[in-house]
Structures are given as structure tokens and as C-alpha cells.
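S.K.: Can you read through this structure? Questions will come right after.
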Amino acid sequence: MKVGIIGSGYVGLVAAACFAEMGNNVICVDIDNKKIDKLKQGEIPIYEPGLTDLVIGNQNRNNLTFTTKINDALAFSEVIFIAVGTPMGDDGSADLKYVLQVAQSIGENMTKHLVVVDKSTVPVGTTDLVKQTIQNALDVRKSDLTFSVVSNPEFLKEGAAIKDFMHPDRVVVGADNDDAMILMRNLYAPFTLSNDRFIGMDVRSAEMTKYAANAMLATKISFINEIANICEKVGADVNHVRTGIGSDKRIGYQFIYPGCGYGGSCFPKDVQALINIANNHGYNPELISSVESVNKAQKEVLFSKLTSQLGTDLKGKKIAVWGLSFKPETDDMREAPSINLIKSIISAGGNVNAYDPKAVHEAKFYLKGLEVNYFEDKYSALEGVDSLILVTEWKEFRSPDFDLMKGKMKGNLFVDGRNQFKSDFIKNKGFEYIQIGVKA
Ligand SMILES: NC(=O)c1ccc[n+]([C@@H]2O[C@H](COP(=O)([O-])OP(=O)(O)OC[C@H]3O[C@@H](n4cnc5c(N)ncnc54)[C@H](O)[C@@H]3O)[C@@H](O)[C@H]2O)c1
């Protein structure tokens, strides 16, 4: 099939590479000239495992091309995806300006029948808005071209995006006509060959499914973080409680790791957008609002653990931060808990030594104006520090050389925001070891 993807970010680029890998001819558009120039030269602007090989391989096979000209994609494609960002607006709603700009351009420039697919995460009703925007632009042109707009929310996880796209748990498509639904079924058939995981539904339900999925996952995280906080108060150990509840199949182990709050480009903005959608329809979503407020508070937990040991005045103190991205295997820094932590340490007068395997470049942008010392390896960042805080659970932090760490650090305080280790083991190594959800 001839596929156009508008927006070459985490979702658009992965979708483009994966559709191309299945033998489709794909053209990928972005308004960011630098990004497209890099992509044309085989340079991948984001870190996502497996993506480089897939993009370069398909470029070499001429299955995948990049452009800044939407007209090229509209002329080429039979199905065109909108995969641009929907960032959080000032009032917490999803900002639809990029989606609607694309819809306007499609209406102004399309030259043949198209199936337009909204893959961006958008509030219920947006697909109708996209349809109306395209139709209005066609009316201005006095054009009688036809088109369909369908909703196809994306569920991939950064860090495992290729695997998720190639082997999806499900493909959700909302469409109001059979032809578009059949086209989408065919496009996705290669991804669900072993058993059909294509779930067709009406447009509004598809749009809502994405928000409901993210709200559910965010709820699990805030739930276990709240349990962790109670554990600390009552002298229980959340690590035991987690395995105790996760073993119940109805609950499961996934997404019940205590930590320092969820971040990233999706959960914070999607939970907030869902609250906003509900409010706009006269409903007060109490549970989901609490998920959000528990998470906000949880992002401050590491700092309060640090100051409970070192005092609130951190002048003259040096703190190492291991892991900056919002989760491992990505360089994405959007809403990362490390940002809150580093800002708090610096405002309390402390110095920060930071290390991340992939996200330093992005971190420098998100922490612009703050004096942070960045290091190229995890051990150098520990030289002379009073404390180490582990924020993001990259694999290389799972089994570090504790003796080397101890030798480099001035102090022995180790605050673990991901409960990676057995407490007795670390204490035997001479650290004062603080976890989430365990009384210090
Ligand atoms: N990142 C994720 O893990 C993830 C997962 C599922 C769904 N989503 C949703 O997918 C959407 C895209 O997310 P993302 O993380 O890929 O965003 P992103 O910010 O990484 O990428 C968006 C891209 O769109 C481009 N763009 C903006 N306006 C454009 C225009 N008019 N024409 C062409 N390109 C344009 C930007 O330059 C950018 O490269 C969002 O709605 C997001 O909520 C993201």
C-alpha cells in the first residue's frame, strides 16, 4: 500500500519504518527541516532501540522516503496518517493546533480520494473536527474530492516501540464506513497474522480507548505509589507488598513498581486531558484527578528523602543523579521526574553531577540555565559526592561495582528511586540505603 505519515517523531517515524518493513511504500513528512535532512542522511534524531536499522534498511530498499513537502505525500499516498504532537495546553486540554494545521493542509492540497487516519492522541470528537476542517478547505476550493477520516490510536511504548508496533497487543480502529475499515484491516493484517487482534469500533470509542488505557496504567502507578507511602508510615515494606499483590492474576505484576512518579510524553498530558474532557462534559472525574495529584506529589519524594538525611540546606553538598530520561531505553525527557529533582536540589543550594546513557543531550535542553555537571560514565559522576540518587532504572545500573562506587563517593547515602536492590546487601557494602515505600 502507499502510505503517508505526517509527523516524524517517536510515533510517526516508528510507524513509517514498520509499515515500510512490511513491504508498503511509505513517505514520511515533517515540518522540521533539520530532522528531515538528518533522516535523509540516515541519521536518526531520537534514540529508540532497533529503529536505526529499520529506517536505513528500508531507505536503501526505496520503501521509505522523507520530505518536508506535504503535497508530495498527498499525491503519493492512498492512506495518510496524522502523527503530530498533541501537547498539553495551558488549561490542561490537549492542544490540537498541529493536528488541525495538518487537516487544513490536507484539505487545501489533496488531489484524490484519501483515507485520513488520526494516530495522534486526541480528545473524543477530534476526528469529526478533522473531517470538518478538511471539508471546509475543500469547499473553499469548490472541490468535490471525497475522503474518510478514521481514528487509530497508538499504544506503543517508547523503548520498546518497534516490538510493540510489529507485535501489537491490539490494533484499535474507529471508522464510520466499511471501505475505510477494510483498508485499515488490510494495512494492519501483516502485524496480527498469528491471531487477529484488530478491534474495529465507532470513532468516538476508539478515541476514548486511548485515554482510558493510559488512565488505567497511570492509576496502577499512582496506586502503588500511594501504597508505598502508607507502607513507610506503618513500617511495612512495599517490595513484599508488591509481590504479595502482583501474584494475584487479577492484579498482575505490571505497572505496580513503586517509584518517583510517572513522566513522559503521554501519561501526564493524557491523564490531564481526560480530566479536562470530563470537566467539559460536566463530569468531575474524582479518581483520575487523584491519580494526577498523587503523581505530582510523588515526583517530590526523592528530594524529601534526600533532605531528610542531609538537611534542607544543601549548600556545599554534591549529589549524583543516575538516570535522567523519564524511563530506560529512551532519550525522552518530557515530564521526567529527574527534572523536578534536579531543580529542587539546585534551589536548595546543592550541586548536581548527572549521568544518563542516552538522554544527556535532551537533558541539557530541559535543564537549560541550570548549572548541572554532566558525565560520560556513571562512576566518574560519583567523584566526591555526598549522595547518589538513582532515578531511572537503566540496565547498566542493575549490577554496578559497589566497591568502586563507595571508593569514589565522599558520603555513603544512596537514595534508590526504583528499589533496584536488596536492602541488606547494599547496607553490607557500607551504604546508607533509602528506598521508596520502606521506612528508613
Ligand atoms: N511518544 C509516545 O510514546 C506515544 C505513544 C502513543 C501515542 N502518542 C501520541 O502520538 C502523537 C505524536 O507523539 P510523538 O511522541 O511522536 O510526538 P513528537 O513530538 O515526537 O513528534 C511530532 C512530530 O510532528 C512534527 N510536526 C508538527 N507539526 C507538523 C506539521 N504541520 N506537518 C508535519 N509535521 C509536523 C514535529 O516537527 C515532530 O517531529 C501525540 O499525540 C502523542 O500523544 C505518543
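S.K.: Pull up region 62-99, narrow it to residues that are among the aromatic types (Phe, Trp, Tyr) and closer than 26 Å to LYS269 by Cβ, then point me to the one that is surrounded by the most Cβ atoms within 10 Å (Cβ to Cβ).
M.R.: Looking only at region 62-99, we keep the residues that are among the aromatic types (Phe, Trp, Tyr), and these are 66, 76, 81, 98.
Applying the additional criterion that residues be closer than 26 Å to LYS269 by Cβ yields 81, 98.
Working: PHE81: 31, TYR98: 17.
Only one residue fits best here, namely PHE81.
S.K.: Just to be sure, is ALA440 in contact (Cβ under 8 Å) with a residue 40 or more places away in the chain, in contact with a strand residue (DSSP E or B) (Cβ under 6 Å, 6 or more places away or on another chain), assigned to a loop (DSSP other than H, G, I, E, B) and among the small types (Gly, Ala, Ser)? Give the derivation first.
M.R.: Numbers: in contact (Cβ under 8 Å) with a residue 40 or more places away in the chain: yes; in contact with a strand residue (DSSP E or B) (Cβ under 6 Å, 6 or more places away or on another chain): yes; assigned to a loop (DSSP other than H, G, I, E, B): yes; among the small types (Gly, Ala, Ser): yes.
It is true that ALA440 is in contact (Cβ under 8 Å) with a residue 40 or more places away in the chain, in contact with a strand residue (DSSP E or B) (Cβ under 6 Å, 6 or more places away or on another chain), assigned to a loop (DSSP other than H, G, I, E, B) and among the small types (Gly, Ala, Ser).
S.K.: If the requirement is being more than 16 Å from the chain's Cα centre (by Cα) and part of a helix (DSSP H, G or I), which of these qualifies: LEU217, LEU187, LEU145?
M.R.: Every option except LEU187 fails the conditions.
S.K.: Follow-up. Can you tell me which residue in region 255-288 is surrounded by the most Cβ atoms within 10 Å (Cβ to Cβ), limited to those that are among the small types (Gly, Ala, Ser) and not in a loop (DSSP other than H, G, I, E, B)?
M.R.: Ranking the candidates gives ALA273 first.
S.K.: Oh, and also: With the structure loaded, tell me whether ALA15 is more than 26 Å from the chain's Cα centre (by Cα), within 11 Å of the ligand (Cβ to nearest atom) and open to solvent by less than 10 Å² (accessible area, probe 1.4 Å) or whether it fails that test.
M.R.: no
Here's the yes/no breakdown for (1) within 16 Å of the ligand (Cβ to nearest atom); (2) over 13 Å from PHE223 (Cβ atoms):
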site	(1), (2)
TYR257	no, no
SER265	yes, yes
LYS269	yes, yes
GLN272	yes, yes
ILE275	yes, yes
ALA278	no, yes
HIS281	no, yes
GLU286	no, yes
VAL291	no, no
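S.K.: Name the single residue that is most open to solvent (accessible area, probe 1.4 Å) among those in region 426-440 being within 19 Å of TYR257 (Cβ to Cβ) and over 30 Å from the mean Cα position of the chain (by Cα).
M.R.: Applying the filter and picking the extreme gives LYS439.
S.K.: Going through region 123-133 one residue at a time, which ones are surrounded by fewer than 24 Cβ atoms within 10 Å (Cβ to Cβ) and either in contact with a Lys or Arg (Cβ under 9 Å, 6 or more places away or on another chain) or without any contact (Cβ under 8 Å) to a residue 40 or more places away in the chain (or both)?
M.R.: VAL124, GLY125, ASP128, LEU129, LYS131, GLN132, THR133
S.K.: I need a count of the residues in region 61-98 that are under 25 Å from LYS40 (Cβ atoms), within 14 Å of the ligand (Cβ to nearest atom) and either hydrophobic (A, V, I, L, M, F, W, C) or part of a strand (DSSP E or B) (or both). Write out each step before concluding.
M.R.: First, pick out the residues of region 61-98 that are under 25 Å from LYS40 (Cβ atoms): 61-85, 98.
Checking the rest, the ones that are also within 14 Å of the ligand (Cβ to nearest atom) come to 66-74, 77, 80-85, 98.
Keeping just the survivors that are either hydrophobic (A, V, I, L, M, F, W, C) or part of a strand (DSSP E or B) (or both) gives 66-67, 70, 73-74, 80-84.
Final tally of qualifying residues: 10.
S.K.: On to the next question. Restricting attention to region 18-35, and to residues there that are open to solvent by less than 50 Å² (accessible area, probe 1.4 Å) and part of a strand (DSSP E or B), which single residue is farthest from the ligand (Cβ to nearest atom)?
M.R.: In this case the residue turns out to be VAL26.
S.K.: Okay, moving on. Can you tell me how many residues in region 190-214 are in a helix (DSSP H, G or I), farther than 20 Å from VAL115 by Cα and not small (Gly, Ala, Ser)?
M.R.: Adding up the residues that qualify gives 6.
S.K.: Next question, about the same structure. Scan region 210-218 and give yes if some residue there is of a type outside the set (Val, Ile, Thr), away from the ligand (no atom under 16 Å from the Cβ) and buried (at least 16 other Cβ atoms within 10 Å of the Cβ), otherwise no.
M.R.: no
S.K.: Then there is this: Kindly indicate whether any position in region 36-56 is assigned to a strand (DSSP E or B) and touching a helix residue (DSSP H, G or I) at 6+ places or on another chain (Cβ under 8 Å).
M.R.: Within region 36-56, none of the residues are assigned to a strand (DSSP E or B) and touching a helix residue (DSSP H, G or I) at 6+ places or on another chain (Cβ under 8 Å).
Okay, residues lined up against (1) in a loop (DSSP other than H, G, I, E, B); (2) out of contact with any Cys (no Cβ under 9 Å at 6 or more places or on another chain):
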site: LYS305; (1), (2): no, yes
site: ILE319; (1), (2): no, yes
site: SER325; (1), (2): yes, yes
site: ASN340; (1), (2): no, no
site: LEU370; (1), (2): yes, yes
site: ASN373; (1), (2): no, yes
site: LEU404; (1), (2): no, yes
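S.K.: Taking the condition of being closer than 21 Å to PHE414 by Cβ and either of a type outside the set (S, T, N, Q) or buried (at least 20 other Cβ atoms within 10 Å of the Cβ) (or both), how many residues in region 292-312 meet it?
M.R.: 10
The values are calculated or read from the model by the stated rules, or taken from the named source; none is laboratory data. Since the model is a prediction, treat every value here as computed from it, not as a measurement. Glycine also receives a Cβ, built like all others from the backbone with ideal geometry; neighbour counts cover every protein chain displayed. Just so you know, the surface numbers come from the protein's heavy atoms only, side chains and all, with ligands and any DNA or RNA stripped out. Shrake-Rupley method; radii C 1.70, N 1.55, O 1.52, S 1.80 Å.
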